[in-house]
Amino acid sequence: MSASTTFFSQQRSNRRKSILLLVGVGLILGAFGFAAGFGTTGDPFGGLGFTVVAVVIAALLGSGSYFAGDRMVLAASQAKPVTQESHPVLMNVVREMSLASNIPMPKVHIIDDTAPNAFATGRNPEHASIAVTTGLLEKLDREELQGVIAHELGHVRNLDIRFMLLVGVLVGGVALIADIFLRYTIFFGGGRGGRRGGGGGGVLQIVMIVLAVVLAIVAPIAARLVQLSVSRQREYLADATAVELTRNPVGLEQALWKIGADREVLEVANRSTQHLYFINPIKKFEDRASSMWATHPPLADRIDRLRELHSMPPLSADQREALTH
Amino acid sequence: MEFIVLLVVLGVLVLIALFVVGLYNGLVQRRLRVDEAWSQIDVQLKRRHDLIPNLVNAVRGYMEFEQETLTQVTQARADAVAAGARGPADQAQAENALTGTLRSLFAVMENYPDLKASQNVLSLQEELSTTENQISFSRQHYNTSVREYNTSIATVPAVFIAGMFGFDPREFFEAEPEAQQVPEVRLR
């Protein structure tokens, strides 16, 4: 009972942080639009105009990803829908976990790849999809598969899937807008500055241009860091939700262990979809140690948090070593 | 003056009526949730009752020396079907007994390699395990909605109207005791 109350408080605090972070990304975009607009037009109203343009682009991208993002992600990962007849065990496990989490049965897809992994996407529990690799089905037993599916349905139930779709695109949007601005100032900035210099452009305008350039460089990095930190928190939360649903920390723990020790690389994953997966699929490039740039928390830390739930001692140094190499 | 008093009295009566209607609708909604949760369990229980004779027939030929285990399963199934008419609490007991006999059957089946090679038996076994899991996950949901409903008809303010409109408390579908133990950990 006490365990489930901690889950709920963790859920609440994660929701609060998510809203703060979404607002943060919005503010960065707005400030950048204003500085860029003021700087290039020399007029506060021009600044507001740019702000509006930046926010409109972000809103368009956001709503596009809201309605079509799941299909794009599934297509990019070459995921194929499955039926009860072709994959009875997988479908049964998904049905069990959707009963446990009290959400509708999601659409189930399979990715033909021997690297064990899984992800969930969609805009809400009524329009959710989960995808698993053939390697996951081959390498895990039923109990472990249940843990992984529960983790993914945890993302669905906690609405992480919607948030990750939106944040992913917003982060891309910030980078895109910053990029357009930087090119614009490099190509046209010089000529404009000369003309304005004769007319006596204000100091404020120059400050704004500098500010905009700084923001254009810093904003995409900041937005990306924000996305990554949200992503890591959400992995812990989904692990906790999985235990709450299955009432069994062992299955998930063993699944993490097995998948973590697996050396295969998932070919269809890339930088734009890696944050969706059960564990980070890009192993060759990504250091598995704790890092500001990681989409997932270190596996050993995830396992330790699960072990804490049934009063097991944390992993030994040797065991941690075995996971990271 | 009298007219105003009359209006006030009328207004108060209307407010009370609205309040009672709201309470009543709330109770109906909670009761409906209990019924829905129950039908989720019921579907799975019936499904399990239908699957068991198939499994018993499929394994009978292989397991000549285990007739007693098979008879126990068949008997427990008959008891569970009969208990279906006696309400959730009784049925839960019979179903738990059935789960127990099924587990011992599965354990015994481990000794017969021929059985594990049979696709038919394997798929029946998978169907039965998923049914059992679905029963246990629907049970959590059912018991939560029963608890909410029973609490609301026993507490102020709904307690005043619950008896009047025939809202009776519902029975829990109890879990088997051993299912709540945390299993042993094996890493590596």
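Every number here is computed from the coordinates shown, using simple stated rules; none is lab data. Everything quoted here is computed from the prediction, not taken from an experiment. Reconstructed Cβ throughout: ideal geometry from the backbone, glycine too, with neighbour counts over all protein chains shown.
Side notes on the structure shown:
- Mean ellipticity per residue at 222 nm, deg cm²/dmol - from DSSP H runs of n ≥ 4 across the protein assembly as shown, formula -39500 (n - 2.57): -25000 deg cm²/dmol
- Residue by residue along B:125-137, Cβ atoms of other protein chains within 10 Å of the local Cβ number 4 on average.
- From phi via Karplus (6.51, -1.76, 1.60), per-residue ³J(HN,Hα) for region B:15-25 in Hz, x at Gly/Pro: 4, 4, 4, 4, 4, 5, 4, x, 4, 4, 4
- Overall form of the protein assembly as shown per C-alpha gyration tensor (a/c, 1.5; a/b vs b/c): oblate
- Taking Cα centre as origin and charging only the Cβ of basic (Lys, Arg, +1) and acidic (Asp, Glu, -1) residues, the dipole magnitude of chain B rounds to 400 debye.
- Per-residue ³J(HN,Hα) for region A:33-38, Karplus 6.51 cos²θ - 1.76 cosθ + 1.60, θ = phi - 60°, Hz, x for Gly and Pro: x, 5, 4, 5, x, 4
- Judged by the mean number of other Cβ atoms found within 10 Å, the most tightly packed of the peptides A:43-53, A:92-102 leads the ranking A:92-102, A:43-53.
- Packing-based order for A:26-36, B:2-12, using average beta carbon neighbours within 10 Å, highest first: A:26-36, B:2-12
- Shielding of A:95-106 by partner chains, average beta-carbon count, 10 Å: 4
- Gyration tensor verdict on chain B (Cα atoms; rounded if a/c is under 1.5, prolate if a/b is larger than b/c, oblate otherwise): prolate
- For region A:57-194, the residue among A:THR133, A:VAL73, A:HIS151 whose Cα projects farthest onto the positive side of the dipole built from Cβ charges is A:VAL73.
- Under 5 Å, built H, 5+ apart or other chain: amide partners of B:PHE167: none
- Evaluating 6.51 cos²θ - 1.76 cosθ + 1.60 at θ = phi - 60° for every residue in region A:163-178, the Karplus couplings come out as 4, 5, 4, 5, 5, x, 6, 4, 4, x, x, 4, 4, 5, 5, 4 Hz, glycine and proline recorded as x.
- Peptide A:87-94 shows a mean partner chain C-beta count of 3 within 10 Å per residue C-beta.
- Alpha-carbon centroids, region B:12-36 and region A:112-172: separation in whole Å: 40 Å
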